[in-house]
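Okay, so here's the structure we're looking at.
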Amino acid sequence: MPSYHPAEIEPRWQRYWAEHKTFTTPDEPQPGQTKYYILDMFPYPSGDGLHVGHPEGYTATDILARLKRHLGCHVLHPMGWDAFGLPAEQYAIKTNQHPRKTTEKNIATFKRQIQALGFSYDWDREVDTTDPAYFKWTQWIFLKLYDTWYDPELKKGRPISELPIPENVAAKGPEFVAVWRNVKRLAYQAEVPVNWCPAMGTVLSNEEVIDGKSEVGGHPVERRPLKQWLMRITAYADRLLDELEPLDWSESIKQMQRNWIGKREGAEVRFDVDPSTLREGLELEINVFTTRPDTLFGATYMVLSPEHPFVADLATEPQSAAVKAYQEASSRKSDFERTEMAKTKTGVFTGAYAINPVNGVKIPIWIADYVLATYGTGAIMAVPGHDERDYEFAKQFNLPIICVVIPADRSTVDLPHTDTGIAIHSDFLDGLDTSAAKAKITAWLAEKKLGTPRVNYKLRDWLFSRQRYWGEPFPLLHELDANGNRTGVIRVEDKLPLTLPVLEDYKPTGTPEGPLSKAADWVNVTIDGKQYQRETNTMPQWAGSCWYYLRYIDARNDAALADPKKLKHWLPVDLYIGGAEHAVLHLLYSRFWHKVLYDCGIVDCKEPLP
Amino acid sequence: MILGEDNQKMSKSRGNVINPDEVIREYGADALRLYEMFMGPLEAVKPWQMNGVEGVYRFLARVWRLAIDHEAETVTLNAKMVDAAPSGEVLREMHRTIRKVTEDTESLRFNTAISAMMEFTNLLTKSEERPREAVTMLVRLLSPYAPHLAEELWSLLGNAKTLAYEPWPAYDPELTKSDTIEVPVQINGKLKGVIAVEANIEKDALEAAAKADAKIAEMLKGKVVKKAIVVPKKLVNFVIG
């Protein structure tokens with residue numbers, strides 16, 4: 001029966017390759033061999049198994065890997081599993097079995113399916129982010145970040161032990177020194193407004209919230225300030241931008257990175273609140289960031305985000321009920337709904353007025369949810385003549401619109417005129433072009449101590465904690481005082497990996513502590529007679545996927561993340577194929593961790609991909 | 001990105017998910033791999049079509065039959081395979097195919113590399129005598145794309161070791177040049193220029209190439225071509241008023 005019969009041929013060769021370890025990559029290259037590292041985006045092993053979309057990228061990389069072997073290269077082509085994540089946990093909640101079980105089953109399915117396609121992976125380097133032998137090093141990298149501060153002078157991350165401590169802080173004792181260090185670490189805790197879903201008992205990302213409800217299950221979601229772990233990625237914003245330039249990537253991917261970082265140069269301007277509209281004895285000043293200080297004469301009102309800390313003080317008696325109702329309503333919307341999706345602008349007048357610092361004009365202060373608390377200072381000066389959103393808002397609420405910039409060719413102006421041009425109705429700026437006007441007003445503001453030049457970024461610090469079970473535990477302990485309250489002192493776990501406790505059930509607690517808090521024996525620890533509580537948040541799925549390309553290089557090393565010699569040989573990755581959905585955040589987070597590891601001397605190239 | 005057969009993103013709720021296991025059972029992993037790469041550039045969004053898999057499966061079966069006698073009782077090499085070295089068109093096409101597959105694969109243009117291998121297969125299928133070297137060359141080029149079939153044929157062609165680390169074939173640049181000839185172009189019977197074209201160019205394409213020549217185009221500008229006399233390989237003559 002000598003017709004073409006793949007069902008007979010293919011499994012036989014797959015067995016041959018496995019038995020002969022045909023695609024096992026030796027650590028040492030042969031003389032004259034050049035290295036070629038081909039990386040796939042590793043999959044999340046879902047319960048549904050592979051669909052035919054998955055092998056598209058894998059086939060492309062496999063063809064290249066095989067070609068490079070024929071061409072005599074030392075080829076590294078590995079595969080692994082990005083296996084922490086919500087679906088396995090939700091399945092565990094439903095069936096009350098450990099997520100490890102479903103994860104193992106799903107990995108087995110994915111592996112069988114991938115192997116049936118004849119990909120030439122070196123399976124001896126397989127990694128699984130949920131394997132304690134792997135996440136030992138995820139936790140280790142976390143501790144590196146925890147132990148590092150960013151020195152803006154040297155433009156690099158340095159050990160926290162090298163952080164200069166001001167004398168007056170040192171004089172107050174070790175607790176103050178500890179606090180001083182904590183606020184500078186690259187991994188730090190802070191209160192931030194988050195999308196909290198009480199029914200699921202967890203924080204959700206903006207993308208997971210639709211119409212004020214969770215994407216999965218349709219449960220109500222509210223904005224709530226919570227103490228969370230964050231990564232100080234903003235400290236690396238300039239390096240993430242500048243070091244992008246020499247890379248041999250497509251311009252579209254570079255642009256996506258630049259847009260996400262969103263560097264903008266401008267000025268921070270101080271507006272005093274008219275004291276006659278405030279409670280007796282109260283004085284408030286509102287700082288705003290603007291990239292167009294040249295349009296200050298056109299600022300006819302101000303808008304604060306509903307979460308701005310001044311809102312309660314600004315709301316006058318007749319307005320306070322409306323203000324409260326509005327704050328309540330916007331707490332149920334995600335950032336995305338508030339900005340990108342909002343078709344009509346909403347807002348409420350606080351009753352208070354601010355004074356425009358350039359001309360002394362009293363302008364009304366509104367709150368509106370198109371201004372985000374986390375963006376800039378959480379407050380804006382509205383220049384409806386020259387900004388789309390401010391214009392729409394002014395039209396909606398009948399607020400004054402003044403034209404202060406006309407086109408450079410002095411043709412008729414069509415408002416809102418968002419482009420640059422020549423200043424008019426702007427006193428001492430009249431007749432200047434936009435860049436000259438910006439320079440003049442910025443200098444004027446600085447001289448009068450009403451403002452300072454500022455660089456602002458759209459990039460926010462990275463929310464790094466999740467109230468879930470199926471993630472890497474933080475290797476940190478909170479010290480308790482005699483009354484069982486946290487002292488604020490944090491102790492680092494002595495031994496890694498810190499593994500997850502087994503729970504009776506995996507249901508969320510409905511509190512921000514997360515399911516790990518249910519494991520009392522695991523949470524409460526005594527060391528040298530001191531009481532500690534383990535951190536009960538877990539890390540986001542990004543943590544394990546940020547650095548998997550490093551572990552493949554030395555996947556079974558128990559003494560180090562990877563042998564430095566091997567890292568030097570294989571890095572950077574030569575070819576990476578992943579979906580466009582990974583071109584922004586995944587890539588940005590990976591680049592950030594890579595740069596920190598570079599500063600720590602772990603890797604010796606600045607970028608993971610050339 | 002690959003969409004479902006209904007041109008929608010694959011999702012469980014739409015019921016349009018295609019499981020690779022089924023495709024492999026029906027057509028094999030090599031056909032699935034080849035089809036996914038033949039669908040178009042990686043960055044393009046394209047719908048799945050099962051008859052497309054069928055098409056590449058038939059191509060792989062043709063490759064099989066180049067080397068294997070499918071009418072024999074047991075696996076036997078095809079008697080049409082001869083030890084004589086490739087020559088003439090087969091030799092030139094062999095070197096052109098190596099060049100095309102090498103260059104296209106390195107720049108991730110997998111679909112055009114596959115097309116080149118298909119064309120070469122058709123040429124060998126048509127030929128009465130198939131130089132063994134040419135068939136072996138096709139197997140080597142196919143190795144990154146359809147590794148199971150390539151290993152199997154490589155082994156049946158008498159090689160003991162895996163194909164995975166065999167050196168990649170080189171091509172002779174001289175042999176990859178296509179044959180070009182020079183054709184005179186006349187206007188009203190007077191020689192106005194000479195164009196270089198491929199030897200086997202079609203009549204219409206030859207006329208178009210003559211019109212596209214910068215010098216000729218300038219001379220024809222604003223004129224009405226009453227008649228074009230085109231003699232392939234020999235001459236183009238434009239009659240103008």
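Taken over region A:485-557, the alpha-carbon convex hull comes to 147 cubic angstrom per residue.
Shown for region A:90-155 is the translational diffusion coefficient from the Stokes-Einstein equation, using the Kirkwood radius over Cα pairs, a temperature of 20 °C and a viscosity of 1.002 mPa s: 140 µm²/s.
Beyond 18 Å, the tail of the calculated P(r) for region B:107-230 holds 67 percent of the Cα pairs. Short to long, the 5 Å bins of the Cα pair-distance histogram for region A:127-228 hold 2, 11, 14, 11, 13, 16, 14, 10, 7, 3, 0 percent of all pairs. Quick check on region A:268-409: what are the equivalent-ellipsoid semi-axes from the Cα gyration tensor, as sqrt(5λ), descending, whole Å? Each semi-axis is √(5λ); the values are 22, 20, 13 Å.
Pairwise Cα distances in region A:436-507 exceed 17 Å in 72 percent of cases.
In the calculated pair-distance distribution of region A:395-535, the portion above 22 angstrom amounts to 64 percent of the Cα-Cα pairs.
The mean count of C-beta atoms from other chains within 10 Å of the C-beta of residues in B:16-24, rounded to a whole number, is 5. Per the Cα gyration tensor, chain B maps to an equivalent ellipsoid with semi-axes of 42, 27, 15 Å, ordered largest to smallest. Relative protection proxy for A:128-137, A:520-529, from highest mean packing down: A:128-137, A:520-529 (other beta-carbon atoms within 10 angstrom). Sorted on the mean count of surrounding Cβ atoms within 10 Å across their residues, most packed first, peptides A:371-379, A:531-539 read A:531-539, A:371-379. Considering only B:ASN16, B:ASN78, B:ASN200, the Gaussian network model of chain B with Cα springs below 10 Å gives its largest mean-square fluctuation to B:ASN200. Taking every Cα-Cα distance in region A:1-78 and sorting them into 5 Å bins starting at zero, the pair-distance distribution P(r) comes out as 3, 12, 17, 18, 21, 15, 8, 5, 1, 0 percent. Here the extension length gained between A:ASN398 and A:LYS507 equals 34.2 nm, from 0.36 nm per residue of separation less the Cα-Cα distance. Per-residue extension of 0.36 nm, minus the Cα-Cα distance of A:LYS105 and A:ILE210, leaves a gain of 34.7 nm for this segment. Rounded to the nearest 5, the antiparallel percentage of DSSP beta bridges internal to region A:1-159 is 45%. On alpha-carbon atoms, Rg over Rh for the protein assembly as shown using Kirkwood Rh? So for the protein assembly as shown, dividing Rg by the Kirkwood Rh gives 1.06. Once you treat every alpha carbon in region B:170-222 as an equal point and sum by Debye, what is log10 I(q)/I(0) at q = 0.23, 0.26, 0.32 Å⁻¹? Cα-only, vacuum Debye calculation for region B:170-222: -0.88, -1.03, -1.29. Rounded to the nearest angstrom and listed largest first, the equivalent-ellipsoid semi-axes of region A:339-419 from its Cα gyration tensor are 22, 17, 12. Divide the volume of the convex hull of the Cα atoms of region B:5-94 by its number of residues and quote the answer in cubic angstrom per residue. Cα convex hull per residue, to the nearest whole number: 136 Å³.
For region A:328-449, the relative contact order comes to 14 percent (Cα pairs under 8 Å, sequence separation of at least 6).
The Kirkwood hydrodynamic radius of region A:19-157, based on inverse pair distances between different Cα atoms, is 17.5 Å. Across all C-alpha atoms in region A:213-313, the radius of gyration and Dmax reach 20.0, 61 Å. On the principal axes of its alpha-carbon atoms, region A:541-597 has extents of 33, 23, 19 Å, going from largest to smallest. Full extension of the chain between A:ARG12 and A:ASP521 yields a length gain of 178.2 nm, computed as 0.36 nm times the residue separation minus the alpha carbon distance.
Projecting the Cα atoms of B:ILE195, B:ILE18, B:ALA160 onto the dipole axis of chain B, where Lys and Arg carry +1 and Asp and Glu carry -1 at the beta carbon, places B:ILE195 farthest toward the positive end. Stokes-Einstein diffusion of region A:300-370 at 10 °C, 1.306 mPa s viscosity, Kirkwood radius from Cα pairs, rounded to a whole number: 126 µm²/s. Within 10 Å of the Cβ of each residue in B:32-42, the mean number of Cβ atoms contributed by other protein chains is 4.
Please list, in order, the residues from region B:158-194 whose amide nitrogen is less than 20 Å from a point placed 7 Å along the Cα→Cβ vector of B:THR74. Within reach of a label on B:THR74: B:158-160. Legend: P(r) of region A:168-259 from all alpha carbon pair distances, 5 Å bins from 0, whole percents, reading 3, 11, 13, 11, 12, 15, 14, 11, 7, 3, 1. For A:LEU163 and A:ASP409, a Förster radius of 60 Å and the Cβ-Cβ distance give a FRET efficiency of 0.65, rounded to the nearest 0.05. For the residue pairs A:LYS94/A:LYS136; A:LYS21/A:LYS566; A:LYS333/B:LYS12; A:LYS172/A:LYS448; A:LYS343/A:LYS449, the alpha carbons lie more than 31 Å apart in A:LYS172/A:LYS448; A:LYS343/A:LYS449.
The numbers here are math on the coordinates, done by the rules we state, and not lab data. The model shown is predicted, which means the values in this text are computed figures rather than measured ones. Backbone-built Cβ (ideal geometry, glycine too); neighbour counts: all protein chains shown.
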